[in-house]
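Following: one structure in structure tokens, then a few remarks.
All of the numbers you see were taken from the coordinates with simple rules; none came from a lab. In this text the structure is predicted, and so the values were computed from the model without any measurement. For neighbour counting, all protein chains shown are included, and Cβ atoms are generated from backbone atoms with ideal geometry for every residue, glycine included.
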Amino acid sequence: MTASNQSSRAAPAGGTRDGRRDVIVRWAVISLLLTWLALPIVPLLIWSFSFRWFFPDVLPADYSLRAWQYVFSPTSGVLQSLRDTLLISGGATLLSVIIGVPAGRALGQYVFRGKSIVELLILAPIIVPGIAVALGIHVLFIRYGLANTLFGVMLVHLIPTLPYMVLVMSGVFANYDTSYEAQARTLGAGPIRAFWYVTLPAILPGIVVGGLFAFLVSWAQYILTLLIGGGRVVTLPLLLFNFATAGRNDITGAISMLYIIPGVVILLLSARYLTGNASAVGGLGRL
Amino acid sequence: MTRLNLHKLTKRYRGKTEPALDDLSLEVESGSLTALLGPSGCGKTTTMKLIAGLLEPTLGDILFDGRSILGVAPERRGAVMVFQNYLLFPYMTVAENVGFGLKMRRVDRATIDRRVAEMLELVRLPGLEDRRPKELSGGQQQRVALARALIVLPKLLLLDEPLSNLDAHLRFEMRDLIRDIQRQMGITTVFVTHDQEEAVVLADKVALIFDGRLQQYDAPTAFYETPVTRRIAAFFGGVNFFQGRRNRKQFDCAIGTFSAPRSAIADQPGILSIRPEDVRLAEAGAANSVAGRIHSHVYVGTHTRLRVSVSGGHEVCVVTDAEVMKTHKPGDPVTLRFPEEKLWVLPPDALVEPTAAHREDTRFGVTKTKGCR
Ligand SMILES: Nc1ncnc2c1ncn2[C@@H]1O[C@H](COP(=O)(O)OP(=O)(O)OP(=O)(O)O)[C@@H](O)[C@H]1O
Ligand SMILES: [Mg+2]
């Protein structure tokens with residue numbers, strides 16, 4: 001908007017100035033956010049390509065690809081760890097959805113005796129440290145042969161992921177009119193098809209958002225994995241911790257790059273999905 | 001074509017002391033159109049959901065063609081319900097909505113497409129296949145919902161307040177459309193309404209329900225000519241009620257003595273009633289008449305409503321020709337004739353139902369009437 005434009009139309013001029021201030025504020029917020037999120041990543045990225053980097057130099061003295069070669073070499077186990085982490089988080093997410101949708105429906109729609117107790121129990125893992133719960137579960141897992149297994153870790157990840165899923169879904173179902181399902185039933189759909197054709201499309205955004213949350217929560221688990229996996233199940237966070245404590249900043253940096261990919265993808269996806277915009281960037285612009 | 005029987009149907013929602021539906025029995029003839037009429041909260045939707053299988057009755061039975069369908073899942077009953085707020089599936093197009101029932105019956109695509117087009121033609125919405133529900137007006141949504149129900153040729157069509165969300169003009173149009181289609185297809189139909197006029201115009205038979213109890217199940221005219229209780233008469237616009245008692249061939253009441261109609265039981269108290277449109281203006285001294293003075297009049301276009309003060313501080317409401325406006329003024333004396341064949345005697349309220357809503361003063365002659373509307 002040019003100055004001449006502003007002066008020629010007196011009344012909307014204030015609005016235009018406000019509009020411009022809005023744009024400035026919005027971009028300030030977005031740049032701040034991006035800086036906050038992206039800045040810590042920059043040194044990691046540089047580390048992953050560094051060969052020697054001494055304090056107080058601003059940049060490394062020498063560069064190399066050895067960290068990345070290590071990450072992608074089949075013998076280092078990084079790729080296998082990536083695969084296991086994906087399996088565990090994907091599985092935990094799937095289980096969260098399968099359990100969380102009906103549980104959320106029950107909580108969101110029905111009033112029943114003891115509902116508040118059930119709600120409290122579901123939220124408990126968010127409040128009580130997961131490790132306390134996991135310690136109790138560990139004994140059971142050992143008995144049933146689940147300790148030190150991938151599946152066992154996947155199950156124990158449900159402790160932190162399920163509450164998110166149930167919370168999101170109970171919110172979704174509180175706003176969902178089940179008459180639609182009843183309508184489908186009288187038109188000849190059995191309960192399963194009524195759910196599939198009528199309810200699922202309506203609650204899908206909730207499932208996606210809840211699922212993304214669940215995935216990220218599982219993706220970030222460290223203590224539960226260590227406890228139940230007993231060091232046999234090595235997910236990316238464990239691997240990262242190992243290299244970080246060993247002082248291998250270059251490899252830590254490279255693995256970190258792998259590690260943040262799902263977060264970034266999910267951020268862009270959800271921005272797009274939540275705002276319903278055609279492009280992911282457009283979605284961000286609406287923040 | 002299906003005959004529907006409700007047999008001693010009772011529904012008590014959990015945690016409620018009063019049943020939403022209490023011992024309701026009625027038979028809906030095959031191919032007929034029946035109205036469930038009653039004020040808000042009387043249990044109309046509950047009845048529909050019970051028939052559709054969306055609720056389980058607490059007691060009683062539901063029969064289609066004489067066979068109980070209580071154990072049958074809603075999707076197998078063949079009773080399609082159209083909800084008050086249409087409930088078009090928002091994620092589907094109009095065509096997908098209308099074709100839904102056939103898809104669930106695994107009918108092939110080509111047939112579905114053809115039948116959808118036919119149905120949209122039938123409800124006078126041709127060519128709207130690809131629209132989304134939110135791109136339709138209320139009336140159009142209503143028609144799509146109707147088409148979606150009709151396409152499966154239901155044994156029983158259940159319409160929950162099909163007209164209440166439409167404006168007056170559309171309401172008349174939809175009313176005729178529903179009536180035409182129902183006649184044409186011969187589908188046994190039950191529809192819910194709280195509007196007595198709608199019930200009377202559309203239905204072959206009307207079931208009037210108050211507080212979950214069936215009050216009267218009859219042809220529409222019966223509710224005007226031979227209502228069973230004063231409350232029913234009042235629901236259908238009756239306003240002239242006078243406590244009295246039959247005395248041989250006479251009926252004595254607070255505003256005068258009239259020849260006793262056959263509905264009056266000898267030596268029993270009763271409520272004399274006459275519909276406002278049946279009261280005639282007459283010459284002074286005519287038989288079966290009462291003298292009074294015009295209290296006020298309202299011109300309603302097609303007719304005039306008079307409030308006439310008569311003896312004992314009572315009022316008689318009269319609906320008469322629009323012309324009367326010009327010849328009569330408030331304060332003018334008039335004589336009102338009550339044609340004998342139009343008089344109807346109702347049982348005293350106390351004998352029928354001393355419900356809270358109607359615990360009015362029912363001592364001889366001081367029954368309060370709702371007044372002329
Ligand atoms: N799910 C339910 N749980 C408990 N009580 C209910 C439930 N549904 C309806 N009721 C009660 O049952 C009674 C009858 O309800 P119903 O919906 O059948 O009335 P209606 O005649 O359809 O009224 P309206 O004309 O307002 O739609 C009401 O008192 C209502 O509060
Ligand atoms: Mg209702």
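So here's what we get for this one:
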read-out: Calculated FRET value between B:His7 and A:Leu87, using beta carbons and R₀ = 51 Å, to 0.05; value: 0.30
read-out: Extension gain, B:Asp180 back to B:Ala222 (0.36 nm per residue minus Cα-Cα distance, nm); value: 12.8 nm
read-out: Relative compactness, chain A, computed as alpha-carbon Rg over 2.2 N^0.38 Å; value: 1.29
read-out: Between region B:1-63 and region B:222-279, the Cα center-to-center distance that results, in Å; value: 32 Å
read-out: Fluctuation leader among A:Ser89, A:Ser179, A:Ser256 - chain A, Gaussian network, Cα springs under 10 angstrom; value: A:Ser179
read-out: Using distinct alpha-carbon pairs, which all enter the 1/r mean, Kirkwood radius of region B:110-249 in Å; value: 17.4 Å
read-out: Cut-off 17 Å, label 7 Å out along Cα→Cβ of B:Glu341, residues of region B:212-254 by amide N; value: B:221-222, B:224-226
read-out: Whole-Hz couplings from phi, Karplus 6.51/-1.76/1.60, listed for region A:131-137; x for Gly and Pro; value: 5, 4, 5, 4, 4, x, 5
read-out: Qualifying trypsin sites (Lys or Arg not before Pro) in region B:1-58, DSSP loop, other Cβ atoms within 10 Å at most 15; value: B:Arg14, B:Lys16
read-out: Region A:48-154: chymotrypsin sites (Phe, Trp or Tyr not before Pro) in DSSP loop, at most 15 other beta carbons within 10 Å; value: A:Phe54, A:Tyr110, A:Phe112, A:Tyr144
read-out: Approximate spin-label separation B:Leu153-B:Asp252, in nm, with each point projected 7 Å along Cα-to-Cβ; value: 6.6 nm
read-out: Share of pairwise Cα separations in chain B, more than 41 Å, in percent; value: 27 percent
read-out: Using θ = phi - 60° and Karplus 6.51 cos²θ - 1.76 cosθ + 1.60, couplings along region B:182-188 (whole Hz; Gly, Pro as x); value: 4, 4, 4, 8, x, 7, 4
read-out: In sequence order, calculated HN-Hα J values of region A:191-198 (Karplus, 6.51, -1.76, 1.60; Hz; x Gly/Pro); value: x, 5, 5, 4, 5, 4, 8, 10
read-out: Computed lengthening from A:Ala244 to A:Arg21, 0.36 nm per intervening residue step minus Cα-Cα distance; value: 75.9 nm
read-out: Exposed-loop-free span, longest in chain A, where trypsin sites (Lys or Arg not before Pro) count as exposed if DSSP calls them loop and at most 12 other C-beta atoms lie within 10 Å; value: A:114-231
read-out: Mean separation of Cα contacts under 8 Å, 6 or more apart, over the residue count of chain B: relative contact order %; value: 15 percent
read-out: Neighbour-limited loop hits for chymotrypsin sites (Phe, Trp or Tyr not before Pro), region B:250-353 (at most 13 other Cβ within 10 Å; DSSP other than H, G, I, E, B); value: none
read-out: Rg and Dmax [Cα atoms of the protein assembly as shown; Å; Rg one decimal, Dmax integer]; value: 37.2, 125
read-out: Theoretical FRET efficiency, 1/(1+(r/R0)^6), r = Cβ-Cβ of B:Ala117 and B:Lys329, R0 60 Å, to 0.05; value: 0.45
